[in-house]
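The values are calculated or read from the model by the stated rules, or taken from the named source; none is laboratory data. Because the structure is predicted, anything quoted here is derived from the model rather than measured. Because the Cβ atoms are built from the backbone with ideal geometry, glycine has one as well, and the counts that use them run over all protein chains shown.
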Amino acid sequence: MKKHLLSLLAATTLLASCSDLKKPEEKDQPQEATADTAVVYRDGQTAGDAAASAAATTENAADKAGNAVSNAWDMTKAKLADVKLEEIDLPEVTVRGDDQYNVYALEEKVLFDTDKATIKPTATRALSEISASIARRHRGKDIQVMGFADSRGDKNYNRELSAQRAAAVRDWLVKNGQVAADKVSLEPMGEAAPVASNATAAGRQENRRVEIAVRK
């Protein structure tokens, strides 16, 4: 009887020892979760918590990056006054600025035919004057080309047209105006930020424009 009891105890001890002979790297590792279980490991986070936390971190990082870009070009609070530059003498080119920006503006009728995004040959002189001014005063600086529309028609159409027009001006500056492509960004404004009333034909004409902003 005693021999039987001792044998049983020895077998139990052997089994316990075998269970502790796991590889060192296998100890204290989380076990695989099934479809309807959640793993809690060390810090008390479930797998779902960890995934949600990672997603939130990524989203916050993206938001911060987006806000940084937006704030870098936020001219809504800027008090831009008319600026007279000696190299700008064409009446169709206007310039406004402050201690951070210079903004060159051209109305739609100078650059494009109605509902078109192809730059007219007659716009070359005005764009050349602007690009020469940028090269003289702001060479190597960041540039943002903004397209604007009036409030007539579909908002999505107006935004898309303003994007195409801004891109056309950007492409002209890169090809002909000594401007590096990686220094130019686009901002399709659509109907936003009108400079005149959309209730009159004259006001709508002023609102259809392209502005080239240069950060000093």
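Here are some notes:
- Residues satisfying the stated conditions in the stretch 113-130, i.e. among the charged types (D, E, K, R) and modelled with pLDDT of 95 or more: Asp113, Lys116, Lys120, Arg125, Glu129
- Residue within the stretch 171-189 that is of a type outside the set (A, V, I, L, M) and in a loop (DSSP other than H, G, I, E, B) present: yes
- Where Thr124 falls short, out of the listed (1) under 20 Å from Asp82 (Cβ atoms); (2) part of a helix (DSSP H, G or I): (1)
- Qualifying residue in the stretch 155-165 (condition: of a type in the set (D, E, K, R), under 24 Å from Glu191 (Cβ atoms) and in contact with a strand residue (DSSP E or B) (Cβ under 6 Å, 6 or more places away or on another chain)): yes
- Check on Ser133, surrounded by 17 or more Cβ atoms within 10 Å (Cβ to Cβ), under 14 Å from Tyr104 (Cα atoms), among the hydroxyl-bearing types (Ser, Thr, Tyr) and at pLDDT 95 or above: yes
- Of the residues making up the stretch 87-118, those that are within 25 Å of the chain's Cα centre (by Cα) and buried (at least 16 other Cβ atoms within 10 Å of the Cβ) are Arg96, Gly97, Tyr101, Asn102, Val103, Tyr104, Ala105, Leu106, Ala117.
- Residue list for the stretch 127-155, restricted to those being in contact (Cβ under 8 Å) with a residue 40 or more places away in the chain and in a helix (DSSP H, G or I): Leu127, Ser128, Glu129, Ile130, Ser131, Ala132, Ser133, Ile134, Ala135, Arg136, Arg137
- Selection within the stretch 76-121 - in a loop (DSSP other than H, G, I, E, B), of a type outside the set (S, T, N, Q) and under 21 Å from Ala193 (Cβ atoms): Lys77, Ala78, Lys79, Leu80, Val83, Glu92, Val93, Asp98, Asp99, Phe112, Asp115, Ala117
- One residue stands out among those in the stretch 148-163 that are over 19 Å from Val195 (Cβ atoms) and surrounded by fewer than 16 Cβ atoms within 10 Å (Cβ to Cβ): the one that is modelled with the lowest pLDDT, which is Asp154.
- Residue check, Val210 part of a strand (DSSP E or B), in contact with a helix residue (DSSP H, G or I) (Cβ under 6 Å, 6 or more places away or on another chain) and at pLDDT 95 or above: yes
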